[in-house]
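The values are calculated or read from the model by the stated rules, or taken from the named source; none is laboratory data. Predicted model, so just to flag it, every value in this text is computed and none were measured. Glycine also receives a Cβ, built like all others from the backbone with ideal geometry; neighbour counts cover every protein chain displayed.
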Amino acid sequence: MTLKYDAEFAQAAESFIFNLRNAPSLPAHDILTRRALLPGLIENELSKLPFDGSVLREEYQFPSYDSATIVIYRYWTNNDLGASPALLYIHGGGFILGNVEMCDKAIRQLVKETGVQTFAVEYRLAPEHAHPTPTEDCFSALCWIHAHASKFSIDNSRIGLFGVSAGGGLAAGTALLARDRELMPPVAKQILIYPMLDDQNVHPIDGIEKLAIWNSDDNLTGWTALMGDRREAHEGRQYGAPIHAKDLKNLPSTYMDVGGLDIFASECQQYAHRLSLSNVEVEFHLYPGVPHLFDVFAPHINTTKRAMESWLRAVRSI
């Protein structure tokens with residue numbers, strides 16, 4: 001059976017799909033053009049979300065593993081009472097693009113709907129800052145939140161990770177680092193939204209490639225920027241490409257989802273299955289007929305509504 005877009009998605013994203021199919025394809029490794037085009041497309045869609053001024057934002061800084069200064073934003077409401085859970089939010093962008101500002105309204109919506117204060121980290125991007133820097137920046141952010149739990153009225157036994165796309169891969173890598181470095185209390189939950197996990201997924205996938213929003217050339221570009229050409233030679237490869245982690249035991253309760261027309265679908269299913277075999281609590285959703293970023297380009301379809309309800313429930317469970 002030929003794969004195709006879900007009818008509701010196809011209708012909602014009709015103009016975007018038309019533009020995607022008629023746009024010239026970007027060659028692999030053209031990072032500058034991707035940086036010039038892709039954030040604007042995503043931000044244009046996310047900017048349509050309502051701005052919620054009741055969610056406050058404040059900027060802080062912390063030193064990363066190499067003493068570089070990293071910016072982190074705290075999002076919260078004045079309704080925070082007593083020691084409460086917290087979330088580290090890690091934005092997407094294929095490791096090579098994006099920032100917190102691009103996701104500002106989405107983060108505000110998440111905080112408004114859940115009441116969980118959220119910290120969003122401006123991790124450094126590849127290739128200027130290759131592996132292990134992005135994951136180390138995220139882990140350093142997690143440690144900073146732990147160290148300031150009392151200041152922000154956080155119950156540090158209830159700190160979760162929320163990562164989107166490449167940010168989902170970094171969240172998974174951060175969870176592995178936290179386990180292996182014996183961070184205490186351990187991470188309470190990892191919420192991985194169509195995460196980017198496998199640095200070997202760089203070839204066209206039959207049936208999906210022509211429908212993909214993020215395709216094999218994009219993936220090759222991102223992974224090469226992060227891991228270089230000799231990925232297998234990297235020490236700590238599993239912290240950048242978590243699919244290579246040999247041991248998934250003692251990782252936090254996990255929520256994960258992905259679209260059936262996402263080139264990450266297979267690796268996400270594999271990772272979720274391996275987590276389950278390792279006795280990690282897993283909730284996994286595969287949404288048929290929708291590609292990467294389906295929620296961004298079709299925010300009002302039923303699939304997106306179901307996915308977002310699940311995300312919010314996962315955050316509230318921390």
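Among the residues of the stretch 69-97, those that are closer than 24 Å to ARG35 by Cβ and free of Cβ contacts under 8 Å to residues at least 60 places away in the same chain comprise THR69, VAL71, TYR73.
The residues in the stretch 215-253 that are under 18 Å from GLU182 (Cα atoms) and either touching a His at 6+ places or on another chain (Cβ under 9 Å) or buried (at least 19 other Cβ atoms within 10 Å of the Cβ) (or both) can be counted, and the count is 8. Per this entry, ASP295 is not counted among residues that are touching a Pro at 6+ places or on another chain (Cβ under 6 Å) and within 30 Å of LEU49 (Cα to Cα).
Test THR304 against the stated conditions and say whether it is in a helix (DSSP H, G or I) and either of a type outside the set (D, E, K, R) or closer than 23 Å to ILE107 by Cα (or both).
yes
Quick check on ASP80: is it of a type in the set (Asp, Glu), at pLDDT below 95, farther than 20 Å from GLU309 by Cα and out of contact with any Leu (no Cβ under 7 Å at 6 or more places or on another chain)? Taking the combined requirement at face value, the residue satisfies it.
You will find that of LEU293, LEU261, the residue that is at positive phi and crowded, with 21+ Cβ neighbours inside 10 Å is LEU293 and no other. If you go through the stretch 245-283 and keep only what is without any contact (Cβ under 8 Å) to a residue 40 or more places away in the chain and assigned to a loop (DSSP other than H, G, I, E, B), you end up with LYS246, ASP247, LEU248, LYS249, SER278, ASN279, VAL280, GLU281.
Against the condition part of a loop (DSSP other than H, G, I, E, B), in contact (Cβ under 8 Å) with a residue 24 or more places away in the chain, within 19 Å of LEU211 (Cβ to Cβ) and out of contact with any Lys or Arg (no Cβ under 8 Å at 6 or more places or on another chain), how does LEU286 come out, does it pass?
No; evaluated as a whole, the condition is false for this residue.
Conditions: (1) of a type outside the set (Gly, Ala, Ser); (2) over 19 Å from TYR65 (Cα atoms); (3) in a loop (DSSP other than H, G, I, E, B). LEU183 meets all but one. Number of the miss? With respect to (1) of a type outside the set (Gly, Ala, Ser); (2) over 19 Å from TYR65 (Cα atoms); (3) in a loop (DSSP other than H, G, I, E, B), LEU183 is out only on (2).
Of the residues making up the stretch 186-241, those that are among the basic types (Lys, Arg), in a helix (DSSP H, G or I) and in contact (Cβ under 8 Å) with a residue 12 or more places away in the chain number 2.
If you go through the stretch 202-257 and keep only what is closer than 25 Å to ALA126 by Cα and small (Gly, Ala, Ser), you end up with ALA212, SER216, GLY222, ALA225, GLY228, ALA233, GLY236, GLY240, ALA241, ALA245.
Screening GLU45 on (1) assigned to a strand (DSSP E or B); (2) buried (at least 16 other Cβ atoms within 10 Å of the Cβ) shows it passes everything except condition (1). PHE18 meets all of the listed conditions (1) modelled with pLDDT under 95; (2) closer than 17 Å to SER165 by Cβ but one, namely (2).
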